[in-house]
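J.: Submitted below is the structure of interest, expressed as structure tokens.
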């Protein structure tokens, strides 16, 4: 019997972290053949070339597609979605996969879903059924209705997908594969490289053997006009805290150029001596850095997902993750420097939260591979 060809489309830095353990399990499965497409920001220098991280992990990339228009605004997001459909349709025709995997809720993943659905290729959706506070909700739910097989992170997510009309037999709780990496980090948490030599970045060489922060803040796609101000509020709070801080570049969402400009302007104007800026780290080293931090600050889902499992406090700013299921590690604050700074100051009074398996137990990748090998694949609802 021929192996099932499973085509995984990676379109952004977090997509690979979200799905790497499943990709490895697919590649090792005797009944599956892994195909990989990288596109959009996953092949761009400004995000630290995530595709090179994939290749360094020994995963072969079959096709690389340039589908991202510069600008980081609403128009470029919409046009890049259309360009993604065009390019991915050609790639799917060439690779002829038995199923396509799309991940989560970014606008580029909608391109994957539309192209696969119109080409009658069974679509597998990872991380459906979750809710958040911006346009990602609409995109995620739209992909759910285009998908044929749903591999969700939790039981509440499963129930939401079923409530949207999907057949219960096609909705499986696997856990989130990003938790698999967090579980690996818990077993081997020590940072074994000199971060500054290995990953460069910009800014002073800060002392990271004492309490420090990690910041990962993206623009809110429904509030792109506020992105610069929101970044500036966080920059002021973190600078004033005087804690050593590792700040990571935002995703390429609408408003990302304004966020990036705010970071550069603040860096040049204030020259913060306690902040070092990185583009990207490989998933394990990033989570090791997060694990040893006093907290992650910003609005990334890493604070909600991986940090719940790692038991790391997350100062969650604003509405980007507003409705997500969350653990006791999350501290919600508005986009206001005083509230952010107050939350940072409160950290030393809080006990470290316990590990919470809300989004998985660290074995999602193998579950996903086994389901992809055994589940009937059909594009018929």
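The values are calculated or read from the model by the stated rules, or taken from the named source; none is laboratory data. Note that the structure is a prediction, hence the values are computed from the model and not measured. We place every Cβ from the backbone using ideal geometry, glycine too, and count neighbours over all the protein chains shown.
J.: Of the residues in the range 329-366, how many are in a loop (DSSP other than H, G, I, E, B) and without any contact (Cβ under 8 Å) to a residue 12 or more places away in the chain? I'd like the intermediate steps shown before the answer.
T.: Just the residues of the range 329-366 that are in a loop (DSSP other than H, G, I, E, B), to begin with: 329, 334-336, 350-363.
If we keep only those that are without any contact (Cβ under 8 Å) to a residue 12 or more places away in the chain too, we end up with 351.
Number satisfying all stated conditions: 1.
J.: Would you be able to say whether some residue in the range 152-165 is buried (at least 23 other Cβ atoms within 10 Å of the Cβ) and not in a helix (DSSP H, G or I)?
T.: Yes, the conditions are met somewhere in the range 152-165.
J.: Another question, then. Among the residues of the range 85-93, is any outside the structural domain of residue 227 (by TED's automatic domain parsing), touching a helix residue (DSSP H, G or I) at 6+ places or on another chain (Cβ under 7 Å) and part of a strand (DSSP E or B)?
T.: Checked the range 85-93: no residue is outside the structural domain of residue 227 (by TED's automatic domain parsing), touching a helix residue (DSSP H, G or I) at 6+ places or on another chain (Cβ under 7 Å) and part of a strand (DSSP E or B).
J.: Would you be able to say whether some residue in the range 223-241 is under 20 Å from the mean Cα position of the chain (by Cα), buried (at least 19 other Cβ atoms within 10 Å of the Cβ) and part of a loop (DSSP other than H, G, I, E, B)?
T.: Scanning the range 223-241, I find no residue that is under 20 Å from the mean Cα position of the chain (by Cα), buried (at least 19 other Cβ atoms within 10 Å of the Cβ) and part of a loop (DSSP other than H, G, I, E, B), so the answer is no.
J.: Quick check: anything in the range 196-214 out of contact with any strand residue (DSSP E or B) (no Cβ under 7 Å at 6 or more places or on another chain), under 19 Å from residue 13 (Cβ atoms) and not in a helix (DSSP H, G or I)?
T.: yes
J.: Which one of these is closer than 21 Å to residue 108 by Cα and either assigned to a helix (DSSP H, G or I) or in the same structural domain as residue 48 (by TED's automatic domain parsing) (or both): 254, 258?
T.: Details: 254 fails: either assigned to a helix (DSSP H, G or I) or in the same structural domain as residue 48 (by TED's automatic domain parsing) (or both).
Unique residue meeting the criteria: 258.
J.: Which of the residues belonging to the range 111-121 are crowded, with 20+ Cβ neighbours inside 10 Å and closer than 20 Å to residue 162 by Cα? Step through it out loud before you land on a result.
T.: First, pick out the residues of the range 111-121 that are crowded, with 20+ Cβ neighbours inside 10 Å: 111-116, 121.
Hit for the range 111-121 is 113, nothing else.
J.: In the range 59-74, what count of residues is obtained for those that are modelled with pLDDT of 90 or more and either under 19 Å from the mean Cα position of the chain (by Cα) or over 17 Å from residue 109 (Cα atoms) (or both)?
T.: 6
J.: Among the candidates 194, 136, 148, 169, single out the residue that is modelled with pLDDT under 95 and in the same structural domain as residue 35 (by TED's automatic domain parsing).
T.: 136
J.: Can you tell me how many residues within the range 1-48 are part of a helix (DSSP H, G or I), without any contact (Cβ under 8 Å) to a residue 24 or more places away in the chain and within 23 Å of residue 378 (Cα to Cα)? Working first, answer last.
T.: As a first pass, look at the range 1-48 and keep what is part of a helix (DSSP H, G or I): 13-28, 40-43, 45-47.
Restricting the remaining residues to those that are without any contact (Cβ under 8 Å) to a residue 24 or more places away in the chain gives 43, 45.
Narrowing the set further to residues that are within 23 Å of residue 378 (Cα to Cα) leaves none.
The total comes to 0.
J.: A follow-up question, please. What helices (runs of 4 or more DSSP H), lying completely within the range 281-328, carry at least 1 residues that are under 22 Å from residue 256 (Cα atoms)? I'd like the intermediate steps shown before the answer.
T.: Numbers: elements: 283-291, 301-304, 306-310.
The qualifying helices (runs of 4 or more DSSP H) are 283-291, 301-304.
J.: Does the range 242-251 hold any residues that are without any contact (Cβ under 8 Å) to a residue 60 or more places away in the chain and either outside the structural domain of residue 196 (by TED's automatic domain parsing) or not in a strand (DSSP E or B) (or both), and which are they? I'd like the intermediate steps shown before the answer.
T.: Looking only at the range 242-251, we keep the residues that are without any contact (Cβ under 8 Å) to a residue 60 or more places away in the chain, and these are 242, 244-248, 250.
Result: 242, 244, 250.
J.: Look through 144, 102 and report the one residue that is under 29 Å from residue 257 (Cα atoms) and either free of Cβ contacts under 8 Å to residues at least 12 places away in the same chain or buried (at least 21 other Cβ atoms within 10 Å of the Cβ) (or both). Outline the logic, then answer.
T.: Numbers: 144 fails: under 29 Å from residue 257 (Cα atoms).
Criteria check complete, one pass: 102.
J.: Still on this structure: Quickly run through the range 261-277 and pick out the residues that are touching a helix residue (DSSP H, G or I) at 6+ places or on another chain (Cβ under 6 Å) and part of a strand (DSSP E or B).
T.: none
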